[in-house]
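Peer 1: Just dropping this structure here.
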Amino acid sequence: MAFSTSLSLARADFAPYFYDNGPYSHNGNLALFSLSEDTAVGTQIYSLNGTDPEGQEVRYGISFDPGSKEYFRVDPVSGNITLVEQLDREVNSPNLTPFSSFFFYWCDLKCAFKIPLLSCSLFQNPQPTLFAIDRFSGVLRIKSGEMLDYEKTKTHFVTVVAKDGGGNFNGKEQFMSSSATLTINVIDAQDTPPSFIGTPYFGYVYEISVPGSEIFTVLAKDGDVGNPNPIHYSFEEGDDGVFHINKTSGCITLLTLPIYLKREIFNIKVKVSCVSPEGILLDYGLATVVIRVVDLNNNPPTFYGEKGPQNMFELTMYEHPPEGEILRGLKITVNDSDQGANAKFNLRLIGPGRMLRVVPQTVLNEAQVTILVEDSAAMDYEKNHFLTYKLLAVEIDTPERFSATADIVIHLLDTNDNAPKFSSDYYIARIPENSPGGSNVVSVTATDPDSGPWGEVKYSIYGSGADLFLIQPASGIIYTQPWASLDAEVRSKYNFYVKAEDTEGKYSLAEVFVTVLDLNDHPPAFNDNFLETTMVIGAPVKIEAVDDDAEIPNNVIEYAIMKADPDNNIFDINADTGEIMLKSYIKSMAIIQNITKQRDCTWSLVVQARDRGQPSFSTTAVIKIDITETQLKGGPLGSFLMHNRNKPLQILGMLAGVIIFMVIVTVIISTATFLRNKKSNRILPNRRVRRRKQHPWNLKNPFKKPENPGVKFRVEEEEPEPEVVVENVNYNNNVPNVVRQWPPPPPPFAPSLPPPPPPYIPGERRWAVPTVSATVAAKPKKKPVGTREDTVNKALVSELKMRLEQKRMKHH
């Protein structure tokens, strides 16, 4: 039979215990008690006796194993045990055990334990146990140094083994034992503070929130979950008086408008405490709630001037300010009332070119806008009297991308930053020779884009070629000096510099090239108006005339035979070269004599030289020609004697001159030899004189015919100058009936400075009057010979002129 007794009390901190009166006693702890099976029902068989260390009242009880029959009853106050069922060992032998057990319970950190009627021990589990049992008394206690923790383990299971002292059974000594499992339920006590659930905590206040808006709700629970106490919430610190928390729900609300919040982030410490039944705050816990004031992007950037919001800014300044200079006249502030990323935006300056730059380019909330000069040269009054820019502010990291614009107008003031500039780097002019003084040559034009007096231009000329010219300072018209007389034959090219200057002395230069156009004012002229020559049949005779005009076609000559005496003209003449030759059918003197019926073969020809100018001039010369069939012997000497056969005095004078020259040369050579030998003061030894082989004298026979019969009468031609075609662009119309249509001349190429003009003496040149009849005109003076420097300068000017004309033709 298994049963247990219990001893309980209302409230105790230490376990009550039974008195151990030893075995076979009738009161105490019911240890080693035996009962005969024939004991009558209702008999008091034992009296439990126990006490509590704190002296509190003790209650007794008895319990049986589940499903077993209850044979005993105990009085809870006195502890007396009474038999209530008849015992029968044989009938009840399967259910009888050598002992019965009982339990008693108490509160606060102590678990129930079983005291065996016999010696007992704990079953050692693999896990360490918090309990220990007295093997004789069966008292179960908590081990020293150990504590029960409801939060860790709410129930403990302990197995207790009871073993009797042994006895004879069927002639053998036998020990009987039994085991039982104790279930120890730990009753929770207030020893764990409350804790928050769901940390960390973050809440947000929006700028549109109103007082009373719920921000966040915190949640906590008592750490003693077995018997939890009520929870109380409160602020520990960090709320700044602008937030409120509900004491029981933990809901945090806003007390004021967001605009009055002085911080963007609030770190609020929330305190949660356990409340005892008496209303006393017991253990507590802390948690931090981070509340962030969230800005809504509901404000675009705004530009401000000195008087408030403004979208138009104007400034007046001089052109070409220094690069890097700040436009201090523009006082611009930009602001975005939002916070954080919503108030971050970029600044851009949109306008012509890259003259200006804005600083800063990225703004957070608010900034002073600075405009810097980046390209000073582009800020030109002559190009733009005013500049218009757009100042743009655009948010960066917002989906709305709010923006704002402001107009910046800069009015530029003019300065004298430009020098006058000619319409061309050079000017080419043409003027006919013999134009009267004061004739217009060319008009130059220079402009100064500056305004006011700075834009007024005055002209002047200088250079070695400017002596014959003047310029009107205001209009730029270049004209000849009143006394100047231009002659293409004396000088046909002039170049000088023209200067355009403003009121402050800024200037520019251009070069002027003036070409004096040749007029046909000179007739052709022969070297001699009466010529005598000898013509060999089959060889031509050449005559030549010179025209002092400077340019073609005025100096191009055509030849023609105007008259022949005798009348029978047996001659032809080359109109271009002036070569006179017999007609092709005349092969011998006999043919000539048959034609003329005379034995004297002498002709007089009147030859005309006419130029191709307009008007055309001509002159004539008389050519006396002796015709012979063979070349005279003696070469040039024979020709000379033949030509002067009617002038004996000339022949004698020529011979005397030759003899005298030979004598003088002989005397000079002898004197030089004597002086050299005398100076050396040497005696020459006698030596055998060797006769050198005498070379025969190669004396030309004056009557020997030259190999080429025409060499005698051939005259070297001057190398013609290259043809220059000139277009007259002169505005002087003083010369009537002169029409020129020439291709443009090549561009001139002038030296670094204009060449000096050759000396010119007015009235020195004599003009030949052309003849209309066959008379011979007077021979003019020879054309003055230019120096080598003049020739080089003329070539350079001609080359520059040709290049400039080619450049002008490409532009057209």
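The values are calculated or read from the model by the stated rules, or taken from the named source; none is laboratory data. This structure is a prediction, so every number in the text was calculated from the model and none was measured. For neighbour counting, all protein chains shown are included, and Cβ atoms are generated from backbone atoms with ideal geometry for every residue, glycine included.
Peer 1: What strands (runs of 3 or more DSSP E) lie completely within the range 36-116 and have 2 or more residues being at pLDDT below 85 and touching a Lys or Arg at 6+ places or on another chain (Cβ under 9 Å)? Full working, then the answer.
Peer 2: Details: elements: 44-48, 59-64, 72-74, 80-83, 102-104, 113-115.
Hits in the range 36-116: 102-104.
Peer 1: State all residues of the range 252-281 that are surrounded by 16 or more Cβ atoms within 10 Å (Cβ to Cβ), hydrophobic (A, V, I, L, M, F, W, C) and in a strand (DSSP E or B); if no residue qualifies, say none.
Peer 2: Listed by number, the residues that qualify are Ile252, Leu254, Phe266, Ile268, Val270, Val272, Cys274, Val275.
Peer 1: Answer with yes or no whether Thr181 is assigned by TED's automatic domain parsing to the domain that holds Gly138, exposed (fewer than 15 other Cβ atoms within 10 Å of the Cβ) and of a type outside the set (Gly, Ala, Ser). Quick ask: steps written out before the conclusion?
Peer 2: Working: assigned by TED's automatic domain parsing to the domain that holds Gly138: yes; exposed (fewer than 15 other Cβ atoms within 10 Å of the Cβ): yes; of a type outside the set (Gly, Ala, Ser): yes.
Against the criterion (assigned by TED's automatic domain parsing to the domain that holds Gly138, exposed (fewer than 15 other Cβ atoms within 10 Å of the Cβ) and of a type outside the set (Gly, Ala, Ser)), Thr181 qualifies.
Peer 1: Return the total of residues in the range 385-401 being surrounded by fewer than 16 Cβ atoms within 10 Å (Cβ to Cβ), charged (D, E, K, R) and assigned to a strand (DSSP E or B).
Peer 2: Total satisfying the criteria: 1.
Peer 1: Okay, moving on. What's the total number of residues in the range 299-334 that are of a type in the set (D, E, K, R), in contact (Cβ under 8 Å) with a residue 60 or more places away in the chain and part of a loop (DSSP other than H, G, I, E, B)?
Peer 2: Here the count works out to 1.
Peer 1: Could you list all residues from the range 470-497 that are within 13 Å of Ser443 (Cα to Cα) and buried (at least 20 other Cβ atoms within 10 Å of the Cβ)?
Peer 2: Of everything in the range 470-497, those that are within 13 Å of Ser443 (Cα to Cα) and buried (at least 20 other Cβ atoms within 10 Å of the Cβ) turn out to be Ile471, Gly476, Ile478, Tyr479, Thr480.
Peer 1: Can you name the residue in the range 402-457 that is under 35 Å from the mean Cα position of the chain (by Cα) and acidic (Asp, Glu) and is also surrounded by the fewest Cβ atoms within 10 Å (Cβ to Cβ) among such residues?
Peer 2: The selected residue is Asp425.
Peer 1: A further question on this structure: State all residues of the range 364-384 that are crowded, with 18+ Cβ neighbours inside 10 Å, out of contact with any Asp or Glu (no Cβ under 7 Å at 6 or more places or on another chain) and either touching a residue at least 60 places away in the same chain (Cβ under 8 Å) or hydroxyl-bearing (Ser, Thr, Tyr) (or both); if no residue qualifies, say none.
Peer 2: Within the range 364-384, Val369 is the sole residue that qualifies.
Peer 1: Could you list, ordered by first residue, the pairs with Cβ atoms under 6 Å in which the first is in the range 146-171 and without any contact (Cβ under 8 Å) to a residue 12 or more places away in the chain and the second is exposed (fewer than 14 other Cβ atoms within 10 Å of the Cβ), at least 6 apart or interchain?
Peer 2: Gly166/Glu173; Gly166/Phe175
Peer 1: Would you be able to say whether some residue in the range 409-431 is touching a residue at least 40 places away in the same chain (Cβ under 8 Å), assigned to a loop (DSSP other than H, G, I, E, B), of a type in the set (Phe, Trp, Tyr) and touching a strand residue (DSSP E or B) at 6+ places or on another chain (Cβ under 8 Å)? Quick ask: steps written out before the conclusion?
Peer 2: From the range 409-431, those touching a residue at least 40 places away in the same chain (Cβ under 8 Å) are 409-422, 424-431; that's our starting set.
Filter once more, so that each one left must be assigned to a loop (DSSP other than H, G, I, E, B): 414-420, 424-425.
With the extra rule that they be of a type in the set (Phe, Trp, Tyr), the set shrinks to none.
No, the range 409-431 contains no residue that is touching a residue at least 40 places away in the same chain (Cβ under 8 Å), assigned to a loop (DSSP other than H, G, I, E, B), of a type in the set (Phe, Trp, Tyr) and touching a strand residue (DSSP E or B) at 6+ places or on another chain (Cβ under 8 Å).
Peer 1: Something else about it: Evaluate the range 498-515: report whether one residue or more is in contact with a Gly (Cβ under 6 Å, 6 or more places away or on another chain), crowded, with 17+ Cβ neighbours inside 10 Å and not assigned by TED's automatic domain parsing to the domain that holds Val546. Before you say what the answer is, go through the steps one by one.
Peer 2: Just the residues of the range 498-515 that are in contact with a Gly (Cβ under 6 Å, 6 or more places away or on another chain), to begin with: none.
No: the range 498-515 contains no residue that is in contact with a Gly (Cβ under 6 Å, 6 or more places away or on another chain), crowded, with 17+ Cβ neighbours inside 10 Å and not assigned by TED's automatic domain parsing to the domain that holds Val546.
Peer 1: Among the strands (runs of 3 or more DSSP E) confined wholly to the range 335-378, which include 1 or more residues that are more than 15 Å from Thr302 (Cβ to Cβ) and among the hydroxyl-bearing types (Ser, Thr, Tyr)? Step through it out loud before you land on a result.
Peer 2: Details: elements: 344-350, 356-359, 362-364, 366-373.
Those strands (runs of 3 or more DSSP E) span 362-364, 366-373.
Peer 1: Regarding the range 613-632, can at least one residue be identified that is surrounded by 15 or more Cβ atoms within 10 Å (Cβ to Cβ), at pLDDT below 80 and within 25 Å of Asn527 (Cβ to Cβ)?
Peer 2: yes
Peer 1: Looking for whichever is in the same structural domain as Leu315 (by TED's automatic domain parsing), over 26 Å from Pro322 (Cα atoms) and touching a Leu at 6+ places or on another chain (Cβ under 7 Å) here; the options are Val373, Val363, Val394. Which one fits? Let's see the steps before the verdict.
Peer 2: Numbers: Val373 fails: over 26 Å from Pro322 (Cα atoms); Val394 fails: touching a Leu at 6+ places or on another chain (Cβ under 7 Å).
Just a single option satisfies the conditions, and that option is Val363.
Rundown of residues vs (1) touching a helix residue (DSSP H, G or I) at 6+ places or on another chain (Cβ under 9 Å); (2) farther than 25 Å from Lys421 by Cβ; (3) not in a loop (DSSP other than H, G, I, E, B), yes/no style:
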| position | (1), (2), (3) |
| --- | --- |
| Gly465 | no, no, yes |
| Pro473 | no, no, no |
| Ser485 | no, yes, no |
| Arg491 | yes, yes, no |
| Lys499 | no, no, yes |
| Ser508 | no, no, yes |
| Val516 | no, yes, yes |
| Ile552 | no, yes, no |
| Glu558 | no, yes, yes |
